[in-house]
Amino acid sequence: MTNVPASREAAGSRSPGVSRSAFRRVLAGSTAGAVLEWYDFALYGILAATVLGPLFFPGGNGFAQLLLALATQGLGFVARPIGGIVFGHLGDRLGRKPMLVTTFLLLGLSTSAIGLLPTYSQVGIGATISLVVLRLIQGFALGGEFGAAVLMVSEYGSPKRRGFWSAWPQAGAPLGTVLATAVVGGIALVLPDNAFDQWGWRVGFLFAVPLLVIGFWIRRRIDESPVFQEAQARAATKTVRERSSILETLAHPGPVLRGLGVRLGENVAFYVYTVFVVAYATKTFGYDKSDVLLAVAIGSLLQFAGMLAGGYWSDRVGRRVAMLVPALGLAVWAPVFFAIVQADALPLLYLGIGVGAALHGLLAGPEAAWIAELFPTRRRFAGASLVFQGSSIIAGAPAPLIAVWLAEKQGPTAVVLYLVGTIAVTVVALFLSAETRGTDLN
């Protein structure tokens, strides 16, 4: 690897030895992929809460259809840890770049295919089965995609600004949500309700095609992580072959457990403020669907800003403090949020979602760098994937279902307790964690 003088390190944005153009490609490619992957998931979550239930799960009342549609969304989360295991192992053996390209293609193609599916009324149970299969492929691909994107930026970036730069692919989630809500909202405004429910929803999934082309072109031009290349060079001098990075990571479970604990409350908060709130506000309190989607879009922009701010702040005060403060803020805001929603005033709904989303962003922003810093290079992909995707099945997948069920059966207070309880786990996990800012990833 060619050495570059320190004077060319562009104010600490990247590691020594990495050119400015290479770092820009990595940052753009990782962030673009993260936007697409979360666009896919946010789009399905929005449509599951509005139109997909009757189209693919006929029969029963509206509440049962909603639960079935959200359960199918959860299946995508079930596949994510499997993808994390498979691609985590391969990413630590073969490199980060091949996983970036492969998972990105799988994700984009499966999303586009959902837009071409016939409905239950057209082909019967085959439509439901096809939707389930494509959701599983989406989840499987996302299981490897996100870890690869975060690690590429973390391993390319300078330790002094790792929190800020690593927050960019992390911020793909709110950007993808903004894009999804903008696309769905735009289609809903242009088309009458019956046209949107019949075929307009397909446009959102097919919109993934141009995103796929652009993202694939960027990622194909990315070079392999220099940190991984150095690790491979060291490994080549050894005569004993190391065992699977997944097994090695599971043999040292402490970092994984702390990572899962931190991600628990953060994941639940994200899905309460982006997916659950759409169904809750429209079906329980009669808010107009387009108004709620706009509120989520504005909240996602605040979430995006919060993630970058949180990553930047973590480079100054440390990862633990930068995550503890917004976690405590989310716990305090939870009861206020539900009181605001029940006030049946649109400006207050915007305020409730916006503050919750911004606090979530501040919590999630430093996570990317923090999780990457928990593991050594030889098992970093495996460890990060287990944390990111393991939390998806214990927190992200059931969160909308649990919240909808609690709101329907027990009332909003039960949802508040659920949210606060999971955030309490996050706080405890942070207290049990050591500070990682400035860790040398080599």
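For residue 316 and residue 24, FRET efficiency with R0 = 22 Å and r from the beta-carbon atoms, rounded to 0.05?
The formula returns an efficiency of 0.40 here.
Does segment 220-279 classify as rounded, prolate or oblate by the C-alpha gyration tensor (a ≥ b ≥ c root eigenvalues; a/c under 1.5 gives rounded; else a/b over b/c gives prolate, otherwise oblate)?
Taking the square roots of the gyration eigenvalues as a ≥ b ≥ c, segment 220-279 is oblate.
Assigning unit charges at the beta carbon (Lys, Arg +1; Asp, Glu -1) and nothing else, what dipole magnitude in debye, to the nearest 20, does segment 19-224 show about its Cα centre?
820 debye
If I take every Cα pair under 8 Å that is 6 or more residues apart in the chain, average their sequence separation and divide by the length, what percent do I get for the relative contact order?
Here the relative contact order equals 25 percent.
Using only the alpha-carbon atoms, how far is helix 289-317 inclined from the longest principal axis of the chain? Give it as 0 to 90 degrees, nearest 10.
So the inclination is approximately 20 degrees.
Roughly how many Å² is the accessible area per residue of segment 19-224, as a whole number, for a 1.4 Å probe?
34 Å²
Of all accessible surface on segment 240-392 at a 1.4 Å probe, what whole percent is carbon and sulfur?
Reported share for carbon and sulfur atoms: 69 percent.
Which peptide among 27-33, 431-437 comes first, and what is the full order, when sorted by highest mean count of other Cβ atoms within 10 Å?
27-33, 431-437
Can you find, among 235, 190, 141, the residue sitting farthest towards the positive end of the charge dipole of the chain, where Lys and Arg contribute +1 and Asp and Glu -1 at Cβ?
Result: 235, furthest along the dipole toward the positive end.
Can you send over the carbon and sulfur percentage of the accessible area for segment 19-224, probe radius 1.4 Å, protein chains only?
Answer for segment 19-224 is 72 percent, counting heavy atoms of protein chains only.
Could you tell me which of 204, 306, 218 has its Cα farthest along the dipole of the chain towards the positive end, charges placed at Cβ (Lys, Arg +1; Asp, Glu -1), taken about the Cα centre?
My answer, from the dipole projection, is 218.
Equivalent ellipsoid semi-axes for segment 383-442, as square roots of 5 times the alpha carbon gyration tensor eigenvalues: give them largest first, rounded to whole Å.
Square roots of five times the eigenvalues give 31, 15, 6 Å.
Size of the dipole of segment 137-258 about the Cα centre, Lys and Arg at +1 and Asp and Glu at -1 on the beta carbon, nothing else charged, in debye to 20?
Computed charge dipole of segment 137-258: roughly 460 debye.
What distance in nm separates the two pseudo spin-label positions at residue 424 and residue 252, each 7 Å out from Cα along the beta-carbon direction?
For residue 424 paired with residue 252, the spin-label model returns 3.3 nm.
For segment 245-441, just list the percent of Cα-Cα distances falling in each 10 Å bin from zero outward, please.
Once binned at 10 Å, the Cα pair distances of segment 245-441 give 10, 36, 33, 16, 5, 0.
Apply 1/(1 + (r/R0)^6) to the Cβ-Cβ distance of residue 291 and residue 417, taking R0 = 25 Å, and write down the FRET efficiency to the nearest 0.05.
It comes to 0.35.
Taking the Cα of residue 244, stepping 7 Å toward and past its beta carbon, and measuring to each backbone N in segment 362-389: which are under 16 Å?
379-387
Quick one, what does Rg over Rh come out to for segment 327-442 if you take C-alpha atoms and the Kirkwood Rh?
Taking Rg over the Kirkwood Rh, I get 1.05.
Summarise the long-distance tail of P(r) for segment 107-203 by giving the % of C-alpha pairs beyond 16 Å.
When all Cα pairs of segment 107-203 are counted, 69 percent exceed 16 Å.
With a bin width of 10 angstrom, please list the P(r) values of segment 19-224 as percents of all Cα-Cα pairs, from the 0 bin to the one holding the largest distance.
Distribution as computed: 9, 35, 33, 16, 6, 1 percent.
Explain nothing, just the number: dipole magnitude of the chain about its Cα centre with +1 on each Lys and Arg Cβ and -1 on each Asp and Glu Cβ, in debye rounded to the nearest 20.
Dipole of the chain, to the nearest 20 debye: 1360 debye.
Taking the C-alpha atoms of segment 200-354, how large are the radius of gyration and the largest Cα-Cα span, Dmax, in Å?
Looking at segment 200-354, its Cα Rg and Dmax stand at 21.7, 68 Å.
Quick one: which residues, 5+ away or cross-chain, put their amide H under 5 Å from the amide H of residue 157? H built at 1.01 Å from N.
15
The values are calculated or read from the model by the stated rules, or taken from the named source; none is laboratory data. Model, not experiment: these values are computed from the prediction. For neighbour counting, all protein chains shown are included, and Cβ atoms are generated from backbone atoms with ideal geometry for every residue, glycine included. Please note that ligands, DNA and RNA were not included when accessible areas were found on the heavy atoms of the full protein model with its side chains. Shrake-Rupley method; radii C 1.70, N 1.55, O 1.52, S 1.80 Å.
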